[in-house]
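All remarks here apply to the structure that follows.
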Amino acid sequence: MREAFGAEFDVPDGYLNTASIGIPPAAAGAAVAEAITAWRTGAGRAGEYDEPVARARQGFADLVGVDVARVAIGPAVSALVGLVATALPPGARVLVAAGEFTSVTWPFAAQAERGVEVTEVELAEVGRRAGEFDLVAVSVVQSADGRVVDLDDLRAARAGGTRVLLDATQSLGWLDADVSWADAVVAAGYKWLLSPRGVAWMAIRPELSAVPAAAGWYASADRWTDVYGLPMTLAPDARALDTSPAWYCHVGAAAALPWLAGLDRAAVHAHCVGLADAFRAGLGMAPGGSAIVSVPRPDAARRLAEAGVVSATRAGAARVSFHLYNTEADVERALAALRA
């Protein structure tokens, strides 16, 4: 067990793959195991899961810095982004970053038959070009290599009338940055938010149109009453965009997100980026200001794996990522593997 920021983690030495799968605090893993046992033994009751769903939703709202009434739940980023993409008017112009993660871009590309136009530009140009488009959809931190978008430029573009949708999946939980101003902030839980796969959230402003295309009983104003028949009675806030929750995923998220939201954000940022920049320095690379590092060496992934370092391969390069449970020993292990 490792201890980090007051929590215990059963994370192995050399685990540098949070950008793919985050390791939960032991308490979150135990909560999920308890819920699975209740399911297996017939002790689980459907209504009991409303409370962890609500706690996780509040935790996400606190992390983003918005009122909880603006937060919708879903199973994945693409499902939530799709609600916004479907609501765009024909002919809408959307700007995305070249090489962006497809869960951000494909929901908009899928609207091509309705005349929605999607334009790709290099990440460094996104902020400068944003004002030319109706909506910008971009990750705060790029999945492939950890580059951070210029949030100040995007915020300025929004002040000029451009809608901004941010995917915070690779940033929320370690990056100390204000994203509450965006029209929509979406994130999956299973990476830096240390939750089970199968849950995502979207903080959305009421003025940004979204279609509750998958509306069901959980989107109701009174979910335990309005389970049969018409008329449709959607919730008056972002819960109208909810889909039925994966219960056990939310149980884990209810333990992880409020804890993350209560941490010193600046301290977490300094820890994660400090380790990543120490790793970069050891390879002769300039500081990157990101918890994700891409190593474009053809033998990097093999060397890391042989040394017991868990990483990922993205866009042809080895990708390592440093979260709050990582240590300087993990940095040294990875550097020793690449220097060998």
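The values are calculated or read from the model by the stated rules, or taken from the named source; none is laboratory data. If you're wondering where the values come from, they're calculated on a predicted model, not measured in any experiment. When we count neighbours, we look across all protein chains shown, and the Cβ atoms used for this are built from the backbone with ideal geometry, even at glycine. What goes into the accessible areas is simple: the full protein's heavy atoms, side chains included, and nothing from ligands, DNA or RNA. Shrake-Rupley method; radii C 1.70, N 1.55, O 1.52, S 1.80 Å.
Quick rundown of the values:
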| quantity | calculated |
| --- | --- |
| Close pairs from segment 32-50: first of a type outside the set (A, V, I, L, M, F, W, C), partner open to solvent by 50 Å² or more (accessible area, probe 1.4 Å), Cβ under 6 Å, at least 6 apart | TYR49/TRP247 |
| Within segment 288-319, tally of residues that are surrounded by fewer than 20 Cβ atoms within 10 Å (Cβ to Cβ), assigned to a loop (DSSP other than H, G, I, E, B) and over 23 Å from the mean Cα position of the chain (by Cα) | 6 |
| Enumerated strands (runs of 3 or more DSSP E) restricted to segment 70-154, each holding at least 3 residues that are out of contact with any Pro (no Cβ under 7 Å at 6 or more places or on another chain), more than 15 Å from LEU166 (Cα to Cα) and open to solvent by 20 Å² or more (accessible area, probe 1.4 Å) | 117-121 |
| Search result, residues across segment 52-69 that are surrounded by fewer than 19 Cβ atoms within 10 Å (Cβ to Cβ) and of a type outside the set (S, T, N, Q) | ALA54, ARG55, ASP62, GLY65, ASP67, VAL68, ALA69 |
| Sole exception among (1) open to solvent by less than 30 Å² (accessible area, probe 1.4 Å); (2) among the hydrophobic types (A, V, I, L, M, F, W, C); (3) touching a strand residue (DSSP E or B) at 6+ places or on another chain (Cβ under 9 Å); (4) closer than 18 Å to ALA253 by Cβ for ALA38, by number | (3) |
| Condition broken by VAL138, with the remaining ones in (1) without any contact (Cβ under 8 Å) to a residue 40 or more places away in the chain; (2) within 17 Å of ALA203 (Cα to Cα) satisfied | (1) |
| Residues of segment 217-232 satisfying the condition of being surrounded by 14 or more Cβ atoms within 10 Å (Cβ to Cβ) and assigned to a loop (DSSP other than H, G, I, E, B) | ALA221, ARG223, ASP226 |
| Any hit, segment 12-24, residues being of a type outside the set (Lys, Arg), surrounded by fewer than 20 Cβ atoms within 10 Å (Cβ to Cβ) and free of Cβ contacts under 8 Å to residues at least 60 places away in the same chain | no |
| Which numbered condition SER195 misses (of (1) out of contact with any Ser or Thr (no Cβ under 7 Å at 6 or more places or on another chain); (2) assigned to a helix (DSSP H, G or I); (3) closer than 27 Å to ALA329 by Cβ) | (2) |
